[in-house]
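In what follows, a single structure is set out as structure tokens and then discussed.
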Amino acid sequence: MGSTPGGMSARLGQTLAWGSLALSVGLLAAALYLSSIMPATVPASRRPASENFTFMLLAIAFSTLGAFLALRRETNRVAWMACAIGLGISLSGFGLYYQLVAEYSRPGQFPAATLAFLAGDLGWSLALGVMLTFLPLLFPDGRLISARWKPVLWLSGSGIALAVVGSWLSDLEPGLKTAGDVLQNASGLVLLLAVIAALASLVVRYRRSGSQQRLQLKWFIAAITLVGLLAAVQSVMAVLETQLPLNDLIVSLVLLAIPASIAIAVFKYRLYEIDLVINRALVYGGLAAFITIVYVGVVVGIGTLVRSRGQFNLALSILATALVAVAFQPVRQRVERWANQVVYGSRSTPYEALTGFSHRIAGAYADEEVLSRLARVLVEGTGATMATVWIYRASDPIAAASWPEGEPPLRAEVADRVVQVRHEGELLGVLTLKKGAGEPFTPVEESLLTDLAAQAGQVLRNIRLTAELQARLQEISSQAGALRESRQRIVAAQDAERRRLERNIHDGAQQHLVALAVKLRLAATLAKRDPEKARRSIIELKAQTAEALQTLRDLAQGIYPPGLHERGLLDALSAHAAVTADGVGRYDPDVEAAVYFCCLEALQNAAKHAHASRTTIHLEQREGHLRFAVTDNGIGFDPERAVTGAGVQNMKDRLASLGGTLTVQSRPGEGTIVTGVVPVRERSVVGAAG
């Protein structure tokens, strides 16, 4: 047997709920029976007015509502108060009719008339007191606003007890009527104070509540206000020693506003999450009606015809069962769709919305199309008029999807509900929703939003990773294109360099060597005929040989300087400009060559284009990178307007092939700084130089 948090078992709660409803209906049925057999000797002045039967409707309303809510939540005090009110009014009606019938019938025919009267008096006082004090204090969640309001409950209970005792004393013992009247007057004052306090608590609760609970409270407050106006009018009429026409009818109809307001809070604004109960009740009721119709139609209808010929066939029962079994599943599906339509309207049930979204993300796990589906599920599952899914990228929200499509994104500042989407503690986005005016989000819908946001966290994470991967792939593709272009430029530069070397060898060293060979043959011929002339020719050959060697050295210097290979960057560059260094060592030959020739190219550009009078080179190694800076005091230029020449592009390509970068900083009239950075693996440290 299950037990609720309040301590009452579920089975006991169901028993008491059905029992209170059955007892209330039984007492009203007995009252109707007594009214039908009321002796003709009862004076017309004492006969209950025909309008009194509307109190039976009030009792049925409270008893049915209370039993229904108690079956849903056994520990809800509002449900049991409604049951008590309905039962009290039923008991009051029964006691009134029983006492009159017993008084004017044969003695002993209706025993315990006094007890029935006392019970009826107790029932009416209890019903009215609970309705006007306890119910406003505890509606809608069955709890007080705070413990400070507990004395009002005790005050209300004391007023009800005084009213009951005063009524009993006044009616049972003529000698105690004065004391009874005093107690009744005192109870009236106490209950008046309790009602005022209860109404004050209702106002405080309304002011502290959220939008949804306010919608639940406003109908109840309107009903209580209507009852208060009636009480004020009746007080004025009592002072004038008269009463309203059809007073009982008006009172009962006004009091009906209270259970009606509770019903509106329950059904329209989903108080106690009752929509699922209503949905299941409609489904089970529809299926029960279907089974009954089939059974009656087959077994009773056809069976009647068969029996009319004296051939009753028990197989009709089997036929009815078979028909129900075959048609049960399609009928159940249709009934469920109808029940969903009645309870949820055109939107999906929360369960269907969550299940449908789970299936969709299973089929399109990291596809951005799932975001538009999420926005649609948010609208269909909550009844919102609009929903937008926002994704955070670089700390800025981007509207990824909205529903209905084509509408502008719903921003957080104008949304009715904003739900954060997180995954592993990281904020990935938000869901914004807007409902119709005056329509709040129910607890079930809030739970649905929480569950959808939890599932959307993984989706947004995957979409972000996909976007980052695509961006990375695009970057790699761009880098690959740039690398291809760089390689093409390097190949073209190498071809040009080979052609230059070929031209320099042909026009320089080769010509010198050919001339030397010719003069050597001439000197050999002269050596026999004219030794003096041969000696002078050999002296010239010595000078020309030195010139040829210098040409070859210059050519070798342009290919790969021997000093760079032997002594490193610092010494090789010192031959061309003033060099400072910080922590520079020896590096791979490719690195040293790239830095060396980039510095030479910068020096040549400074001399050729900048007309610089002073140029310096600074080398330093920091955190695994070799950095060089060539600074001149030339005329400078505007980098945004200047056209990058082949020399600068070759420098960039040289460094890019090693994973490095090159930047050029310059301003007109302020010189130029060419800076290069390349990753290195140090072989040995040369030291600092200044």
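Quick look at the numbers
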read-out	value
Qualifying position, being over 17 Å from A163 (Cα atoms), assigned to a helix (DSSP H, G or I) and modelled with pLDDT of 80 or more, among G88, G93, G129, G120	G93
Condition met for V195 (touching a residue at least 40 places away in the same chain (Cβ under 8 Å) and either loosely packed, with under 14 Cβ neighbours inside 10 Å or assigned to a helix (DSSP H, G or I) (or both))	yes
Sole exception among (1) modelled with pLDDT of 85 or more; (2) more than 58 Å from the chain's Cα centre (by Cα); (3) closer than 30 Å to R77 by Cα for V152, by number	(2)
So L115, is it assigned to a helix (DSSP H, G or I), out of contact with any Phe, Trp or Tyr (no Cβ under 6 Å at 6 or more places or on another chain) and under 24 Å from L253 (Cβ atoms)	no
Criterion (over 25 Å from M56 (Cα atoms) and of a type in the set (S, T, Y)) met by exactly one of T75, T133, T114	T75
Residues located in the range 631-661, provided they are in a loop (DSSP other than H, G, I, E, B) and of a type in the set (S, T, Y)	T644, S657
Pairs with Cβ under 9 Å, 6+ apart, first in the range 135-162 and in the same structural domain as G188 (by TED's automatic domain parsing) and surrounded by fewer than 21 Cβ atoms within 10 Å (Cβ to Cβ), second modelled with pLDDT of 85 or more and among the polar types (S, T, N, Q)	L144/S201; I145/S201; W149/S201; L153/T133; L155/T133; G157/T133; A161/S125
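Condition check ((1) in contact with a Phe, Trp or Tyr (Cβ under 9 Å, 6 or more places away or on another chain); (2) part of a helix (DSSP H, G or I); (3) not polar (S, T, N, Q)) across all residues:
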position: S447; (1), (2), (3): no, yes, no
position: A453; (1), (2), (3): no, yes, yes
position: A456; (1), (2), (3): yes, yes, yes
position: V459; (1), (2), (3): yes, yes, yes
position: I463; (1), (2), (3): no, yes, yes
position: A467; (1), (2), (3): no, yes, yes
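Rundown of residues vs (1) surrounded by 22 or more Cβ atoms within 10 Å (Cβ to Cβ); (2) without any contact (Cβ under 8 Å) to a residue 12 or more places away in the chain; (3) in a strand (DSSP E or B); (4) not aliphatic (A, V, I, L, M), yes/no style:
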| residue | (1), (2), (3), (4) |
| --- | --- |
| L371 | yes, no, no, no |
| L374 | yes, no, no, no |
| A384 | yes, no, no, no |
| T388 | yes, no, yes, yes |
| A399 | no, yes, yes, no |
| G406 | no, yes, no, yes |
| Q420 | no, no, yes, yes |
| L427 | no, no, yes, no |
| T432 | yes, no, yes, yes |
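The values are calculated or read from the model by the stated rules, or taken from the named source; none is laboratory data. This is a predicted model, so every value here is computed, not measured. When we count neighbours, we look across all protein chains shown, and the Cβ atoms used for this are built from the backbone with ideal geometry, even at glycine.
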